[in-house]
Amino acid sequence: MTTQNTPSAPYMRDGYLIDLAERLRARGLPADRVETTVTDLAAHLEESGAEDAEAEFGPADEFAAQLVPDTGVRAPGAADRPDATVETWRWTADTYVDEKLLNRFGDEGWEVERVDAIGRFVSHRDLAQPQRWEYRRELVTRGREGLDERLAPDGWEACGTWVIYAWFKRPRAASLGPGARVESPPPVPERSRFFSRKFYVLLAVLALAVAVAGVSAAVGDGDASSALGLVVGMFAGAGTVVGLAWALQMWRGRRP
């Protein structure tokens, strides 16, 4: 991939895309991201058969402002823009449904800024220019191992990690053009916790395993009280951890 300021072959012959590339660079987008974005747009034009890029994407200056809303690689986070045009929302989901929900809410204009210490997606949405986002999750049990570098050419940007998972996002403007704008954003969801049936089944299986361990201990020792103590201790320990996590989440949720 070229990182020079001279446009590469896939879009050299299209004056609109050359102009757009210059405008993206002027707004602070790194050269490699400019190359990836404009090449994707050229591919979109070729696949769709559109002959007029401006008719497809709109004026180059306006489209560049959509792709890079402010000077820099990405729009500032909600913490940097504490005004009435930005909505914030913190929510969580289990790993059975998180990717599906991330992309569903991404289509509503929600951009994940980070993942906090208790696994919540800290999200914001710009009401002035809401844009669609897409997400993916990667397993990082052995560290990142160059994962960021491998995904960056396709426009993916890290937006959070928690335990053994990393999440990545990218704006859909490069593939959808003006269609990436959310014309009528739905209200902020009332819920903040999304747990699937599989997650609750897993909890039930764990509870059953604790009970079976207690029965096995009773049979092995011939002492029901020791088994009862084992089971109560295991449940108490798990309950303490869950209770602390819940209390911390409720406290953080009430913070301004």
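The values are calculated or read from the model by the stated rules, or taken from the named source; none is laboratory data. Owing to the predicted nature of the structure, the values given are computational and were not obtained by experimental measurement. Heads up, the Cβs are rebuilt from the backbone with ideal geometry, glycines too, and the neighbour counts pull from every protein chain shown. We work out accessible area using only protein heavy atoms, side chains counted, and drop any ligands, DNA or RNA first. Shrake-Rupley method; radii C 1.70, N 1.55, O 1.52, S 1.80 Å.
May I ask you to say which residue of Pro187, Pro153 is more than 16 Å from the chain's Cα centre (by Cα) and part of a loop (DSSP other than H, G, I, E, B)?
Pro187
Name the one entry in Val182, Val231, Val210 that is at pLDDT 90 or above and either in contact with a strand residue (DSSP E or B) (Cβ under 8 Å, 6 or more places away or on another chain) or of a type in the set (Val, Ile, Thr) (or both).
Val182
Please go through the stretch 130-140 and pick out each residue that is of a type outside the set (D, E, K, R) and over 12 Å from Glu108 (Cα atoms).
Those that are of a type outside the set (D, E, K, R) and over 12 Å from Glu108 (Cα atoms): Tyr135, Leu139, Val140.
Can you name every residue in the stretch 141-173 that is of a type in the set (Lys, Arg) and closer than 19 Å to Phe105 by Cβ?
Selection gives Lys169, Arg170, Arg172.
Only one residue in Arg170, Arg191, Arg150 is under 30 Å from Gln66 (Cβ atoms), touching a helix residue (DSSP H, G or I) at 6+ places or on another chain (Cβ under 9 Å) and open to solvent by 40 Å² or more (accessible area, probe 1.4 Å), so which one is that?
Exactly one residue qualifies, and that residue is Arg170.
Pairs under 6 Å by beta carbon, first residue under 14 Å from Phe105 (Cβ atoms) in the stretch 116-128, partner part of a loop (DSSP other than H, G, I, E, B), six or more apart or different chains?
Val122/Asp116; Ser123/Trp110; Arg125/Gly109; Arg125/Trp110
I'd like the residue in the stretch 194-206 that is in contact (Cβ under 8 Å) with a residue 24 or more places away in the chain and open to solvent by less than 70 Å² (accessible area, probe 1.4 Å) and, out of all such residues, is farthest from Thr36 (Cα to Cα).
Per the stated criteria, the residue is Phe199.
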